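The values are calculated or read from the model by the stated rules, or taken from the named source; none is laboratory data. Since the structure is predicted, the reported quantities are computational estimates derived from the model, not experimental observations. All Cβ positions, glycine included, derive from the backbone under ideal geometry; neighbour counts span all protein chains shown. Side chains are part of the model used for accessible areas, which takes the heavy atoms of the whole protein and leaves out ligands, DNA and RNA. Shrake-Rupley method; radii C 1.70, N 1.55, O 1.52, S 1.80 Å.
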Amino acid sequence: MRGENLTESAEHRRAGAALFGAGAVTTRTFDEPGLRGITFHEVRARSVLNRVPGASRMPFEWTVNPYRGCSHACVYCFARRTHSRLDLDTGVGFDTQIVVKVNAPELMRRQLASRRWQGEHVAMGTDVDCYQRAEGRYRLMPGIIAALRDRANPFSVLTKGTLILRDLDLLAQAAEVTDVGISVSVGFTDHELWRTVEPGAPAPEHRLDVVRALAGRGIGCGVLMAPVVPFLGDRPAQLRDTVRAIAACGATSVTPLVLHLRPGAREWFMSWLGRHHPHLVRRYERLYADGAYAPTWYQRRITGQVHELAQEYGIGPTRPGPPRRVRPAGPPKPGATSGPTQLTLL
């Protein structure tokens, strides 16, 4: 590998051993555009399918996260706290210290083939983005998608990454045999806001190009309009511009989600807010005084505005579909028929 440097500190070995087993971590850096300044910790994970806690609000039970940490560097990312479990920094460390589960595709194939696996829906990109920059180097997603396709296992992907277009053929193949849901996250189209709160993520218009390309292949793609950032991205004109752009790219749905600030993300975001918008600190402290979520009245106001705009531009909000039907791994029984199933990511 050109410009590769391998290092391994005692601290990182201890962190890796706790989660992945002793001697399981190899640390690398790459002198390549887009990867400079990022350290990759390669591990051989013990499992890749993760059960969602029962108390979670998520409408799915299983997730796959081939990476930990994310170079998109979104200042609001709720997954920042997970880095503390590895004794890694939840601020800059989360953005630049990326854990890579290099054996994720083979683990995926093995776990899907287990007799205990019942073919449940698998959600990807719900923690950190599986199409972040690291994926361009490690190429874990093609193997993961192929394993799901070969077992006709339903799945969904949520991403900000344009790299998903590399796997367009695989996604189309999977959509022929099982339920596939794709959603792209675009909370706003304001470039100044994007550059400061999502400095490592593709520009909003490039993400909307992903939606357009998927639609061109007959793969429906919804947009998670997230996050709507209070006092910075919630003006009526900003909401209108974003919904108009989402509708124009051929999205099947738009689902607004107001910024939430869980522990770990909250401290990092508030520090950023104090540097860039100090006049808003007190307003945020009041708005989020009761916890991680904005008050119900505020969430309902934003949701109502977005849904009205969506109706105006001819695009509907995401609504829960009928229960997902899990297809068997083998060929369908004679005479069996099926109808489409709408997937909801968040």
Practice problem: Would you mind counting up the charge near R262? Only other residues with Cβ under 9 Å from its Cβ, with Lys and Arg at +1 and Asp and Glu at -1. | Solution: +3
Quiz item: Using Cα-only point scatterers and the Debye equation, what is log10 of I(q)/I(0) for the stretch 46-131 at each q in 0.11 Å⁻¹, rounded to two decimals?
Solution: -0.33
Quiz item: Please state the equivalent ellipsoid semi-axes for the stretch 256-312: what are the square roots of 5 times the Cα gyration tensor eigenvalues, largest first, in whole Å?
Solution: 24, 12, 10
Quiz item: Can you give me the Cα centroid spacing of the stretch 297-313 and the stretch 164-197 in angstrom?
Solution: 22
Practice problem: Sticking with the crude label model, points 7 Å out along Cα→Cβ, report the distance from E106 to E205 in nm, one decimal please. | Solution: 4.4
Quiz item: Could you state the per residue volume, in Å³, of the convex hull enclosing the Cα atoms of the stretch 169-239?
Solution: 96
Quiz prompt | Projected label distance in nm at L168 and V281, using a 7 Å step from Cα toward the beta-carbon | solution = 4.7
Practice problem: With all protein chains present, calculate the accessible area of F188 using a 1.4 Å probe and round the result to the nearest 10 Å². | Solution: 10
Quiz item: Taking every eigenvalue of the Cα gyration tensor of the stretch 70-218, multiplying by 5 and rooting it, what semi-axes result, largest first, whole Å?
Solution: 26, 21, 12
Quiz prompt | R137 versus R195: modelled label distance in nm, points set 7 Å from Cα along the beta carbon direction | solution = 2.7
Quiz item: If you count, for each residue, the other Cβ atoms within 10 Å and average over each peptide, how do 30-43, 174-187 line up from highest to lowest?
Solution: 174-187, 30-43
Quiz item: Relative to the present Cα-Cα distance, how much length would full extension add between Y293 and D87 at 0.36 nm per residue of separation?
Solution: 71.5 nm
Practice problem: With r as the distance between the Cβ atoms of R244 and E176 and R0 = 35 Å, compute the FRET efficiency 1/(1 + (r/R0)^6) and round to 0.05. | Solution: 0.60
